[in-house]
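See structure below.
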């Protein structure tokens, strides 16, 4: 199956969802926040809801779906897609724009170890022709992001290291929520088999554990196709951003749903797309990404070599 770019070219947003279930039993552990714990909320009709995974986390997980942690590089089929690698003076891999929370705006990319501006920051600023007292040339800005890190166009970026107005809205977003939830309380104990009577957390320590059960768990995805088209790229680069976004969704659902030790989920059925649109299988999307990365229309816009190395 191939991507029907004609239909997607007339669609402002691709909205998708898929039902999930715990791989074993009924209980699951949602994401938590230090100042409020689990994110619970009630719909106006009285349904008890729970945020299982946030937009921010799903963005990070869909981006990580393209990364091979064993080789500290993109998966082989995506070789040639530009990104920025940060290495030590000795050549040891430290991080990359694919992994960093702020992506291309990471301080490891934009700053030297002494906190002065990096050579890449200077080159990027000059490349987009940025001047603080003039309008932003958005054409140059988007072209520069495509050149050095196309994923920044998909997942969004905020280059406040250069200027606060240099930002791109996230094109691909997603979250997981559960409905009709109820608390499943349990507990445990941390054992010290040598001196269980020790105090101060060093002996036996009982603890409570809060998990949840739900009538339904659903993963939602929103791909802003109008935003991707609005960047104004030629046909192949635009198709690459679409294919790569769809692949990230598929790969996350097939390999990334073990969100936590006590939150291991699986899909029930296939993705449901609003408007009756169908998208190809994961393997077909990956093959399409490979084809487009090698397309001359894309390759001529990418950095050469595609991996820009910043020494930290």
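The distance between label points at residue 278 and residue 134 comes to 5.1 nm (points 7 Å beyond Cα on the Cα→Cβ vector). May I ask for the equivalent-ellipsoid semi-axes of the stretch 225-312, computed as the square root of five times each C-alpha gyration tensor eigenvalue and listed largest first in whole Å? Equivalent ellipsoid semi-axes, largest first: 28, 20, 12 Å. Between helix 138-148 and the chain there is an angle of about 70 degrees, using the helix long axis and the longest principal axis of the Cα atoms. Largest first, the extents of the alpha carbon coordinates of the stretch 156-312 on the three principal axes equal 69, 48, 32 Å.
Estimated purely from DSSP H runs of n ≥ 4, each contributing -39500 (n - 2.57), the mean residue ellipticity at 222 nm for the chain is -8000 deg cm²/dmol once divided by its residues. By the compact-protein rule of thumb, 2.2 N^0.38 Å, the alpha-carbon radius of gyration of the stretch 263-312 corresponds to a ratio of 1.79.
Mean separation of Cα pairs under 8 Å and 6+ residues apart, divided by the residue count of the chain: what relative contact order is that in percent? Averaging sequence separation for qualifying contacts and normalising by length gives 32 percent for the chain. Separation of the stretch 7-35 from the stretch 243-292 is 11 Å, based on Cα centroids. Using only Cα atoms and rounding to the nearest 10 degrees, what angle (0 to 90) does helix 235-255 make with the longest principal axis of the chain? Between helix and principal axis, roughly 20 degrees.
Computed over the chain with a Gaussian network model linking Cα atoms closer than 10 Å, the most mobile of 242, 84, 193 is 193.
Normalised by the residues of the stretch 69-139, what does the relative contact order come to in percent, with Cα pairs under 8 Å and at least six apart? All intermediate terms of the calculation are to be shown ahead of the outcome.
Numbers: 46 pairs, mean separation 10.5, N = 71.
For the stretch 69-139, the relative contact order is 15 percent.
Taking the chain as a Gaussian network of alpha-carbon nodes connected by springs under 10 Å, the highest mean-square fluctuation of the residues 171, 182, 299 belongs to 182.
What is the calculated FRET efficiency for residue 77 to residue 40, with r their C-beta to C-beta distance and R₀ = 35 Å, to the nearest 0.05?
0.30
Order by neighbour count: 118, 245, fewest other Cβ atoms within 10 Å first, most last.
By the 10 Å Cβ count, ascending: 118, 245.
The Kirkwood radius of the stretch 62-192, taken over pairs of alpha-carbon atoms, gives through the Stokes-Einstein law at 4 °C and 1.567 mPa s a diffusion coefficient of 75 µm² s⁻¹. Counting only alpha carbon atoms, the long axis of helix 55-64 and the longest principal axis of the chain meet at about 60°.
Counting only Cα atoms, the stretch 201-242 measures 64, 32, 14 Å along its principal axes, largest extent leading. The mean of 1/r over all distinct Cα pairs in the stretch 150-195, once inverted, gives the Kirkwood hydrodynamic radius of 15.7 Å.
Taking 46, 232, 201 in turn, the Gaussian network model of the chain (Cα-Cα springs below 10 Å) assigns the largest fluctuation to 201. Once the Cβ-Cβ distance of residue 202 and residue 296 is raised to the sixth power relative to R0 = 51 Å, the FRET efficiency obtained is 0.20.
What order do you get for 49, 1, 110 when you list them from fewest to most C-beta neighbours inside 10 Å? Write down the numbers at each step before the final one.
Working: 49 16, 1 9, 110 22.
Going from least to most buried by this count: 1, 49, 110.
Only Cα pairs under 8 Å and 6+ residues apart enter the sum, and on that basis the relative contact order of the stretch 23-149 stands at 14 percent.
Note the direction-averaged projected area, equal to a quarter of the hull surface, for the Cα convex hull of the chain, in nm².
Values: hull surface 85.3 nm².
The Cα convex hull of the chain, projected and averaged over all directions, gives 21.3 nm².
Neighbour counting of Cβ atoms within 10 Å sorts the residues 211, 63, fewest neighbours leading, into 211, 63.
Bear in mind these aren't lab numbers, they're just calculated from the coordinates by the rules spelled out. Since this is a predicted model, take the numbers as computed values, not measurements. Here Cβ is always computed from backbone atoms with ideal geometry, including for glycine, and neighbour counts include all displayed protein chains.
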